[in-house]
Structures are given as structure tokens and as C-alpha cells.
Amino acid sequence: MGTITYLDHGSGTPLSAPAREALLAALDAFGDPLRLHADGRTALRLLDDARGQVASGIGAQPDEIVFTSGGTESIALGIWGGTRSRREIGDRIVVSAVEHPAVDGIGHTLETDGFRIVRVPVDEHGRLDVEAFAIEVRRPGTLLASLQHANHEVGTIQPIAEAAMLAREAKVVFHTDACQTVGRLPVDVEGLGVDLLSLSAHKFGGPPGIGVLFVRRGVHVAAYPCGDDRERKRRSGMVNTPGAAAMAAALTASLVDMGDRAARHWALTDRLRAGIAERVPGVRIHGHSTQRVPHIVCFSVPDLDAEILAMALDDRGFRLSVGSLCSGTSNDASPVLEAMGFPNTPAFRIGVGADTSDEDVDRFLDALPQVVSELRKMEEASSEALARFRPETPAS
């Protein structure tokens with residue numbers, strides 16, 4: 001096949017060297033952290049160290065860190081638990097129209113239990129209508145608001161600090177999904193003013209299957225689906241101790257060169273956005289041009305079958321996301337793009353990472369126009385052939 005170019009760092013990143021080292025070192029920590037024997041104490045020390053490192057990485061306190069199985073569980077625990085604990089106050093939950101499917105998933109569950117989900121619109125770049133958000137969080141009966149720090153498909157960054165302030169003034173608990181920003185941009189829970197924050201290790205060089213929910217001191221979160229004495233009685237099951245240690249190592253390492261890495265990734269994605277728009281007629285580039293995370297580029301090619309285009313690119317060694325992301329089906333229209341005013345449109349998402357080079361970008365910018373041109377010619381030839389063999393409609 002030739003060169004393989006991995007351009008899906010928005011979905012998952014390779015395990016970083018510090019994370020791999022920490023993971024291997026912790027694999028023998030099989031003890032139950034709730035036990036007082038030596039093996040239990042060893043596991044507990046690893047978890048406490050990891051909790052402290054993660055807390056330091058986002059400006060939190062160790063007792064505000066709850067380990068989860070990943071970003072999806074963290075989001076579910078934050079929204080479900082933060083809502084359930086305040087049910088006597090009302091039944092409204094305010095979210096944006098472009099949240100991750102995890103928010104919709106837990107939202108549907110809550111709707112079946114009598115809660116109401118209010119979706120605030122966004123503009124064509126995916127930015128929240130802040131005035132509409134302010135109105136909705138002030139309405140009586142609003143319990144919780146949730147807003148992504150940065151969108152998982154188009155990369156647009158939301159005004160989290162402003163939204164959190166509006167929620168706080170209305171005495172509404174505020175949650176943010178920061179899975180696409182933690183480890184890539186500075187994230188400080190005090191600076192943002194959030195009550196709850198979700199992050200996922202495999203987005204920044206940690207292993208899959210481990211994440212965190214930040215819970216500000218004084219904010220009550222009901223256990224989801226039930227809890228024992230682990231994680232301050234907020235979730236079920238044994239914590240993934242090696243995963244937590246590796247996640248903490250990955251996050252700590254990501255802070256060392258975060259500024260330089262972000263600048264390099266912004267330069268790469270600027271080139272991609274400009275090059276794709278210039279070289280591929282009819283393409284659409286989605287997301288805000290400046291208020292965006294450094295690593296994501298989203299585009300669509302409206303006149304081509306998304307699955308065929310994705311397979312053609314994959315054959316040439318380019319790995320990127322396509323379709324309604326998280327659906328697993330390439331031709332599914334993106335609900336995010338639909339909310340932005342682009343209905344019936346599958347999204348292509350490029351995610352650059354630590355190993356993405358200028359040469360990788362050059363190869364992609366050379367390959368994409370060629371593939372699109374070839375597919376358009378094939379489609380045109382197919383349409384002409386069908387027209388020749390189609391029987392004429394008899395005159396009435």
C-alpha cells in the first residue's frame with residue numbers, strides 16, 4: 001500500500017512513551033485499593049498519585065477527581081448524577097444543539113424519566129447563541145447546563161467561561177465536555193468556572209478505557225448507575241489502576257510542550273483548511289476559522305458518496321473519520337452539521353497529532369483532489385451510461 005498516514009487523532013491517539021512506561025509499571029498492581037493489606041495499599045498509592053497528577057493538570061484538587069471508564073461514562077455521570085441530585089428543584093436540562101452523542105444518549109434516558117432537554121441553537125460555524133443560552137438557563141426549573149468546550153466534529157471552541165458564569169448566576173450546575181481540549185490546550189477548572197468537567201485519556205496519549213469527571217467541592221452528584229465506597233460512592237466497579245497511572249503520566253507529559261505543539265498543529269490545520277478549499281472544487285470547510293482547537297479540520301464533499309470517498313482515501317493510506325462521527329456508518333448525515341445549517345451532510349474529520357508532519361499534509365493535499373476528480377469522472381460516466389440504457393418515456 002505504501003505510506004500509512006494516520007489522520008484520526010481526534011478519535012484516538014497513540015499511547016505516549018511516558019504513558020506506556022507508567023502502564024507497564026502499574027500492571028502488577030492487582031490489589032483492591034479498599035483493602036488494608038500491602039497489595040491494596042500499593043494500588044491505593046498509585047491511584048492517589050494519579051489523582052493528584054490529573055488534578056494538578058487541570059487546576060483542581062485531588063478529591064475533586066473521579067475516575068471513570070472514559071469520556072462517555074464521565075459525561076453520563078456528570079449530567080445524570082448532577083441532575084438526579086437536584087430533582088426537587090425542577091426538570092430542565094439545557095445543552096447546545098451540537099453536543100457529543102453521549103449527551104444525547106443520557107438525555108434520552110432522562111427524558112423517559114420526565115426530564116426535559118432544551119437544545120440551544122448554534123450559528124453556521126458551530127458557535128453557541130449565547131443570548132439564547134442566557135435566556136434558557138434563567139428559566140425556572142433549570143437544573144443543569146452542559147456545553148462542549150470544543151466540538152468533536154468541527155473543532156469549534158465554545159465560550160465556556162461566559163456560559164459557566166451565566167449558569168452560576170442562575171444557580172444552575174454547569175458541566176463541560178473537555179475531551180477534545182484537555183491535553184491539547186490549557187484547561188483550568190477555576191479559570192473556566194465550571195462545576196463538572198469530563199475528559200478522556202485516549203485523546204491525549206493515554207490508554208483507552210479510562211477518563212475523569214471533575215466534581216467541584218460542594219457539588220453533589222448522584223451515583224450512576226449505583227455506587228459502593230469507590231470514587232467517593234459515585235460510580236460502580238473497580239477503578240482501572242494501570243489506566244489511571246498511564247493517563248496521569250500522559251497528561252503530565254502533554255503539559256511540557258503544549259504551547260509549541262498547539263502552534264505546530266494550528267499551522268498544519270491552517271494549511272489543510274486552505275489547501276483543501278483551494279484544490280477541491282465544491283468542498284465545504286466547516287467550523288470556526290480561528291476559534292477552534294489546533295488539531296481538527298472538518299470538511300464535506302456534498303456531491304460524492306462519503307463511504308466510497310473514505311474507502312478510496314483509505315486505500316491510499318489515509319486514515320481519517322467520516323460520516324456521523326460515533327455512529328460507525330460512513331454515509332450517515334452529521335447531526336452537528338445539520339444543526340449548523342448543512343442537512344444531509346456526512347462529515348470528514350482530519351485530526352493531526354504528534355507524529356503528523358508537513359510531508360503528511362503535502363501528501364494528503366495532493367491525493368484528495370486526485371481522488372475526488374477520479375470519483376466524479378466515474379460518477380459522470382456511470383450517469384451517462386444509465387441515461388443511454390434508460391428506456392424513453394412513451395408520449396402521453
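Quick notes on this structure:
- In degrees, nearest ten, helix 160-169 long axis to first principal axis of the chain (Cα): 50 degrees
- Taking the range 105-143 and a reference point 7 angstrom along Cα→Cβ of Gln291, the backbone N atoms nearer than 20 Å belong to 119-138.
- Per the Debye calculation on the range 17-255 with a single equal scatterer at every Cα and no solvent contribution, log₁₀ I(q)/I(0) for q = 0.07, 0.08, 0.18 Å⁻¹ amounts to -0.22, -0.28, -1.31.
- In degrees, nearest ten, helix 241-256 long axis to first principal axis of the chain (Cα): 70 degrees
- Crossing angle, helix 38-58 versus the chain [Cα axis fit, 0-90 degrees, rounded to tens]: 60 degrees
- With contacts taken as Cα pairs under 8 Å at a separation of at least 6 residues, the chain carries a relative contact order of 22 percent.
- FRET E, pair Asp48, Lys377, Förster distance 56 Å, beta-carbon r, rounded to 0.05: 0.35
- Were the residues from Met258 through Ala354 laid out at 0.36 nm apart, the gain over their Cα-Cα distance would be 33.5 nm.
- For the chain, built as a Gaussian network whose Cα springs stay under 10 Å, the top-fluctuating residue of Thr42, Thr181, Thr13: Thr42
- Considering every alpha-carbon pair of the range 1-82, the percent of pairs per 10 Å bin, from zero through the bin containing the longest distance, is 14, 32, 36, 13, 5, 0.
Read the figures in this text as sums done on the coordinates, not as results from a lab. Predicted, not measured: the structure shown is a model, and the values here were computed from it. Note that each Cβ is placed from the backbone with ideal geometry, even for glycine, and that neighbours are counted across all protein chains shown.
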